[in-house]
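A.B. asks: Questions regarding the structure given below will be posed in turn.
The values are calculated or read from the model by the stated rules, or taken from the named source; none is laboratory data. Bear in mind the structure is a predicted one, so any value in this text is a computation, not a measurement. When we count neighbours, we look across all protein chains shown, and the Cβ atoms used for this are built from the backbone with ideal geometry, even at glycine. Keep in mind that these areas ignore ligands, DNA and RNA; they rest on the heavy atoms of the full protein, side chains included. Shrake-Rupley method; radii C 1.70, N 1.55, O 1.52, S 1.80 Å.
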Amino acid sequence: MTPIELLAPAKDLECGLAAINCGADAVYIGASRFGARENAGNDLADIATLVTHAHTYWAKVYVTLNTLLRDEELPHAVRLITQLYETGIDGLIIQDVGLLECNLPPIPLIASTQMHNHTPARVAFLEQVGFQRVILARELELAQIQAIRQQTKIELEAFVHGSLCVCYSGQCYLSYAIGGRSGNRGACAQPCRKSYSLMDGQGNVLAQDRHLLSLRDLNLSAHLRELVQAGVSSFKIEGRLKDRAYITNIVSHYRAHLDAVLQEDGLRKGSSGRSEIDFTPSPEKTFNRDFSSYFLHGRGETIASPDTPKMVGEPVGTVTGLLPRRFTLDGNVTLHNGDGICYYDAQDQLRGTVVNGVDGNAITPKVLEGIAPGMQIYRNHDHEFLAHLTKYEAARQIGVRMTVRKTRKGIEVIAVDEDATQVSCEFPCEFVLAEKPEVALANIAKQLGKMGGTAFRCDDVTIELSPVPFLPVSTLNALRRDVLERLAAQRAAQRPKRKGRILKNMVQYPEKTLDYHGNVLNRQASVFYRRHGVTRIDPAAETCIDLQGKQVMTTKYCIKDQLGLCPKSGKARVEEPFTLRDEEGHVLTLRFDCARCEMGVFLGEPKAVAQRK
């Protein structure tokens with residue numbers, strides 16, 4: 001039975017430890033270089049510390065080294081991978097296939113979603129060359145995931161929560177084209193979160209200064225069973241730039257939802273131990289742009305967030321009146337001092353302030369300007385909730401059952417954990433009968449059950465002693481310490497481990513030609529593809545090719561669909577081509593492939609696009 005894994009992000013060691021303590025079965029973290037989030041790097045010592053802590057619970061640590069690499073960077077990347085392997089990490093997430101031509105240690109390889117893992121053929125190819133897992137494209141529908149599962153045996157990892165890129169991952173060149181910052185090199189400037197104006201072919205403005213390429217966040221917590229049944233075994237939370245409060249909240253939320261599915265369906269999770277928390281997780285209270293299930297069940301749901309790329313938060317009431325330095329809200333107000341609130345002003349711009357005082361329904365904000373009767377007020381910072389999470393330390397413990405029995409030499413304690421790991425410890429001693437058997441039994445159970453300061457939790461103590469002996473507290477404490485130390489050592493020895501192996505073969509790649517969308521930035525990547533049957537290879541965009549007039553985004557998201565202009569809706573056609581213009585004067589031309597239900601975003605005016613085509 002394949003264990004089901006809850007996979008959490010870690011910006012740094014602190015976030016990684018929080019994720020494990022809140023119940024994550026695995027975490028993914030960036031190394032010091034070559035990660036797709038250049039501001040989320042970590043040194044080897046911190047990664048080693050995280051590995052040690054995670055392995056206590058048989059949880060895993062994966063490291064992201066998922067950027068495209070230049071020729072001169074490959075030796076440095078290989079050296080870093082070797083060092084990471086020596087820390088004991090459980091897998092390496094990569095994008096650049098040039099690494100498969102290098103001398104890597106036997107580390108399990110995971111194909112980054114940046115490799116555009118969206119068809120059965122592509123996933124099957126990756127399986128045949130040695131990858132042990134693929135991270136699926138976020139855009140896949142449930143039926144497409146099922147098709148991949150039916151045609152492959154490789155582990156499937158899917159995003160279930162967090163920010164969404166509007167473009168297919170690994171196929172976005174807009175940031176590099178307009179500012180020289182490559183997403184495939186870990187430096188995306190997020191131009192998809194900017195505001196744009198949309199014009200039709202006649203120059204008519206269809207939308208003015210809207211965030212037309214910005215999407216809501218993903219939330220599939222209500223669809224976990226469907227994904228398990230479709231063949232997904234790793235459920236990934238996005239957020240390697242998110243803080244500890246976010247990690248604590250979201251991991252705890254998904255742990256509870258996933259545990260309910262596993263228990264009902266008789267499945268097992270990917271690590272040991274149970275986390276105890278003292279708060280009710282609420283995804284709405286940490287950063288989000290509102291939620292959607294994206295394309296899991298096809299089209300129809302609103303997935304765009306055109307009003308703002310920022311967090312609006314939860315509605316708390318409507319302004320009913322203004323007072324000197326205060327305003328009043330309807331309903332049962334739940335605001336507190338220090339909360340952050342926001343609202344859309346008369347110009348439909350999102351503005352925010354901080355709550356300085358609450359007196360019933362009267363709210364004193366730091367700044368009252370712009371607030372007017374009839375406005376909806378939102379809370380985008382729950383001060384008390386987030387302050388608690390920021391300092392909160394979750395407790396995660398592994399269940400242990402203890403048995404005490406008499407031997408010919410003295411007393412034996414047997415410990416069995418929830419993974420059926422078993423050890424025993426015998427203590428030679430004289431068998432002195434207890435004057436008060438009931439008191440002696442209670443003392444034995446009490447002392448053996450004290451596991452504070454360890455990763456263990458005593459679920460039961462069975463005492464098989466008759467007649468009942470008197471055992472000093474010091475003896476019982478020594479027995480407990482010894483047996484738990486042995487249990488920890490035995491768990492380390494029995495922890496499931498895997499090794500990776502690159503398969504150097506001639507399996508044919510699904511495509512014979514690769515343009516710049518193939519992301520071939522180094523000679524070794526070219527060698528790899530040629531061995532696998534690719535006959536024409538164009539250089540990657542990051543080799544400074546001219547992207548004017550070229551396609552810089554491919555999206556399943558369609559502006560026409562979101563604005564109600566899809567020709568399939570039966571509404572009157574709007575003359576094309578559509579163009580997007582940002583505040584800096586950049587022009588993007590949109591092309592619609594209705595047969596595939598995809599939108600192409602091209603750099604430049606329509607004439608420049610037509611000339612390049």
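A.B. asks: (1) part of a helix (DSSP H, G or I); (2) of a type outside the set (Ser, Thr, Tyr); (3) out of contact with any helix residue (DSSP H, G or I) (no Cβ under 7 Å at 6 or more places or on another chain); (4) surrounded by 15 or more Cβ atoms within 10 Å (Cβ to Cβ): which one isn't true of Ile444, the others all being true?
C.D. replies: Just one mismatch for Ile444, condition (3).
A.B. asks: Among (1) over 16 Å from His161 (Cβ atoms); (2) in contact with a strand residue (DSSP E or B) (Cβ under 9 Å, 6 or more places away or on another chain), which single condition is Pro324 missing?
C.D. replies: (2)
A.B. asks: May I pose another question? Are any of the residues in the range 473-487 acidic (Asp, Glu), open to solvent by 20 Å² or more (accessible area, probe 1.4 Å) and more than 30 Å from Asn21 (Cα to Cα)?
C.D. replies: No - not one qualifying residue is present in the range 473-487.
A.B. asks: Open to solvent by 50 Å² or more (accessible area, probe 1.4 Å), charged (D, E, K, R) and part of a loop (DSSP other than H, G, I, E, B), is that true of Arg181?
C.D. replies: yes
A.B. asks: Shifting gears a bit: Evaluate the following for Gly357: is it open to solvent by less than 30 Å² (accessible area, probe 1.4 Å), without any contact (Cβ under 8 Å) to a residue 60 or more places away in the chain and among the small types (Gly, Ala, Ser)?
C.D. replies: The answer is yes for Gly357.
A.B. asks: Looking at Gln83 and the list (1) over 22 Å from the mean Cα position of the chain (by Cα); (2) more than 27 Å from Ile20 (Cβ to Cβ), which single condition is not satisfied?
C.D. replies: All conditions are met except number (2).
A.B. asks: Which one is farthest from the chain's Cα centre (by Cα) among residues in the range 528-584 that are over 30 Å from Gly98 (Cα atoms) and among the aromatic types (Phe, Trp, Tyr)?
C.D. replies: Once the filter is applied, the top-ranked residue is Phe578.
A.B. asks: Only one of Glu284, Glu369, Glu393, Glu384 is exposed (fewer than 14 other Cβ atoms within 10 Å of the Cβ) and touching a strand residue (DSSP E or B) at 6+ places or on another chain (Cβ under 9 Å); which?
C.D. replies: Unique residue meeting the criteria: Glu369.
A.B. asks: Check off (1) over 35 Å from the mean Cα position of the chain (by Cα); (2) open to solvent by 50 Å² or more (accessible area, probe 1.4 Å) for Gln349 and give me the number that stays unchecked.
C.D. replies: (1)
A.B. asks: Oh, and also: What are the pairs, 6+ residues apart or on separate chains, where a residue within the range 486-512 that is closer than 18 Å to Gly98 by Cα and touching a residue at least 60 places away in the same chain (Cβ under 8 Å) has its Cβ under 8 Å from a residue that is open to solvent by less than 70 Å² (accessible area, probe 1.4 Å) and among the polar types (S, T, N, Q)?
C.D. replies: As it stands, the answer is Gly500/Gln132; Pro510/Thr119, since those pairs meet every condition given.
A.B. asks: Between residues in the range 518-543 that are open to solvent by less than 30 Å² (accessible area, probe 1.4 Å) and assigned to a loop (DSSP other than H, G, I, E, B) and residues that are at pLDDT below 95 and among the hydrophobic types (A, V, I, L, M, F, W, C), which pairs lie under 6 Å by C-beta distance while being six or more apart or on different chains?
C.D. replies: Pairs found: none.
A.B. asks: Write out, first by first residue and then by second, each pair whose Cβ atoms fall under 6 Å of each other, whose residues are 6+ apart or on separate chains, and whose first residue, in the range 456-481, is touching a residue at least 24 places away in the same chain (Cβ under 8 Å) and assigned to a strand (DSSP E or B) while the second is open to solvent by 70 Å² or more (accessible area, probe 1.4 Å) and among the β-branched types (Val, Ile, Thr).
C.D. replies: Going by the 6 Å Cβ cut-off, the qualifying pairs are Pro469/Val432.
A.B. asks: Consider Cys566 carefully, then state whether it is open to solvent by less than 50 Å² (accessible area, probe 1.4 Å), more than 19 Å from Gly130 (Cβ to Cβ) and without any contact (Cβ under 8 Å) to a residue 60 or more places away in the chain.
C.D. replies: Yes.
A.B. asks: Between a residue in the range 432-452 that is of a type in the set (Gly, Ala, Ser) and any residue that is open to solvent by 60 Å² or more (accessible area, probe 1.4 Å), which pairs come within a Cβ distance under 6 Å, given they are 6 or more apart or on different chains?
C.D. replies: Taking only residues 6 or more apart or on different chains, the pairs are Ala434/Phe470; Ala440/Phe470.
A.B. asks: Right, next: Go through Gly357, Gly352, Gly313 for me and flag whichever is closer than 30 Å to Asp561 by Cβ and either touching a helix residue (DSSP H, G or I) at 6+ places or on another chain (Cβ under 8 Å) or at pLDDT 95 or above (or both).
C.D. replies: One residue alone meets the criteria, Gly313.
A.B. asks: Also, quick follow-up: Please state which of the following conditions Leu17 fails to meet, knowing it meets all the rest: (1) free of Cβ contacts under 8 Å to residues at least 24 places away in the same chain; (2) under 19 Å from the mean Cα position of the chain (by Cα).
C.D. replies: Answer for Leu17: the failing condition is (1).
A.B. asks: Can you confirm whether Gly162 is at pLDDT below 95 and open to solvent by less than 10 Å² (accessible area, probe 1.4 Å)?
C.D. replies: no
A.B. asks: What single numbered condition from (1) out of contact with any Gly (no Cβ under 7 Å at 6 or more places or on another chain); (2) open to solvent by 30 Å² or more (accessible area, probe 1.4 Å) fails to hold for Pro577?
C.D. replies: (1)
A.B. asks: For Ile20, are the conditions met, namely being within 26 Å of Pro281 (Cβ to Cβ) and open to solvent by less than 10 Å² (accessible area, probe 1.4 Å)?
C.D. replies: The answer is yes for Ile20.
A.B. asks: Can you find even one residue in the range 311-327 that is within 21 Å of the chain's Cα centre (by Cα) and under 22 Å from Arg138 (Cα atoms)?
C.D. replies: The answer is yes, given that some residue of the range 311-327 is within 21 Å of the chain's Cα centre (by Cα) and under 22 Å from Arg138 (Cα atoms).
A.B. asks: Tell me which of these Gln95 doesn't satisfy, since it passes every other one: (1) in contact with a Leu (Cβ under 9 Å, 6 or more places away or on another chain); (2) at pLDDT 95 or above; (3) under 30 Å from Thr280 (Cβ atoms).
C.D. replies: Among (1) in contact with a Leu (Cβ under 9 Å, 6 or more places away or on another chain); (2) at pLDDT 95 or above; (3) under 30 Å from Thr280 (Cβ atoms), the lone unmet condition for Gln95 is (3).
A.B. asks: Also, quick follow-up: List the number of the failed condition for Leu213; all other conditions in (1) open to solvent by 10 Å² or more (accessible area, probe 1.4 Å); (2) more than 17 Å from Leu7 (Cβ to Cβ); (3) not β-branched (Val, Ile, Thr) hold.
C.D. replies: (1)
A.B. asks: Hey, among the residues in the range 330-346 that are surrounded by fewer than 17 Cβ atoms within 10 Å (Cβ to Cβ) and not hydroxyl-bearing (Ser, Thr, Tyr), which one's nearest to His381 (Cα to Cα)?
C.D. replies: Gly338
A.B. asks: Counting only residues that are surrounded by fewer than 24 Cβ atoms within 10 Å (Cβ to Cβ) and touching a helix residue (DSSP H, G or I) at 6+ places or on another chain (Cβ under 9 Å), how many does the range 241-251 have?
C.D. replies: Final tally of qualifying residues: 4.
A.B. asks: Also: Here is a list of conditions, (1) surrounded by 20 or more Cβ atoms within 10 Å (Cβ to Cβ); (2) closer than 18 Å to Ile502 by Cα, and Gln132 meets all of them except one; can you say which number that is?
C.D. replies: Condition not satisfied by Gln132: (1).
A.B. asks: If I filter the range 186-210 down to residues being outside any loop (DSSP other than H, G, I, E, B) and within 23 Å of the chain's Cα centre (by Cα), which single residue comes out as nearest to Phe592 (Cα to Cα)?
C.D. replies: Cys192
A.B. asks: Let me ask you something else. Answer yes if at least one residue in the range 425-435 is closer than 11 Å to Met402 by Cβ and either acidic (Asp, Glu) or open to solvent by less than 40 Å² (accessible area, probe 1.4 Å) (or both), and no otherwise.
C.D. replies: Yes; the residues of the range 425-435 include at least one that is closer than 11 Å to Met402 by Cβ and either acidic (Asp, Glu) or open to solvent by less than 40 Å² (accessible area, probe 1.4 Å) (or both).
A.B. asks: If you take the residues of the range 261-295 that are hydrophobic (A, V, I, L, M, F, W, C) and under 17 Å from the mean Cα position of the chain (by Cα), which of them is farthest from Ala137 (Cα to Cα)?
C.D. replies: Looking at residues that are hydrophobic (A, V, I, L, M, F, W, C) and under 17 Å from the mean Cα position of the chain (by Cα), I get Phe287.
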